[in-house]
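Here's the structure, in structure tokens; my notes come after.
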Amino acid sequence: MATTNINANVEKANQQFESVFAGPARAYTNMMLDYAEKLVSAQREALKVYSELSFHKARAALEIKSPSDFRSYVEEQQKVTKEASERLKADADKVVSINRDFMQQSRELTQEATKRGQEVAQKNMQRGEQQVEDNMKSAKSSSSKK
């Protein structure tokens, strides 16, 4: 009887640990990995676009052979600069969105873990109170039998 009760308590403690600590920790780690992967992907994509743009600009500069070529180059660079500025804004918005999503998911995960922890604490408190009552009843019945 006592061994069964101890095993049940150990199993319950393991389940509570999983529910309150280990499960949320794994979920948070997974969320962090997804977040890092999204950021790295966005950075890699931006780096590719900006490096291609830089090489294109350098090659275009090498093609300048006359004043009219230079004028065309400058006009083209104004367009390219405008497009690059728009791209930079879009990339910044993308990173802000990734950060916002991560913060929202973190908040939700924390709220869920806190709620589960409170529920487990409440159940443990009730179970403890019940065990105290049971022990007192058992003690009273033992003392009255003597």
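If you wrap the tightest convex hull around every Cα atom of segment 30-146 and split its volume per residue, you get 70 Å³. Across the cross-link table entries 12/123; 38/79; 12/137; 38/82; 57/94, which are compared at the Cα atoms, the separations over 21 Å belong to 38/79; 12/137; 38/82; 57/94. Helix 2-17 and the longest principal axis of the C-alpha atoms of the chain enclose an angle of approximately 20°. For the chain, the Cβ-based charge dipole about the Cα centre amounts to some 600 debye (Lys, Arg positive; Asp, Glu negative; other atoms uncharged). Let's test the formula: R0 of 30 Å, r as the Cβ-Cβ distance of residue 41 and residue 77. What FRET efficiency results, to the nearest 0.05? Between residue 41 and residue 77 the formula returns 0.55.
Ranking 24, 53, 80 by Cα position along the charge dipole of the chain, where only Lys, Arg, Asp and Glu carry charges on their C-beta atoms, puts 24 farthest toward the positive end. Helix 67-145 and the longest principal axis of the C-alpha atoms of the chain enclose an angle of approximately 0°.
Ordering 88, 62 from the fewest to the most neighbouring beta carbons within 10 Å gives 62, 88.
Of 125, 136, 103, the residue with the greatest mean-square motion in the GNM of the chain, using alpha carbon springs below 10 Å, is 136.
No value in this document is a laboratory result; all are computed from the given coordinates. Keep in mind it's a predicted model, so treat the numbers as computed, not measured. Glycine also receives a Cβ, built like all others from the backbone with ideal geometry; neighbour counts cover every protein chain displayed.
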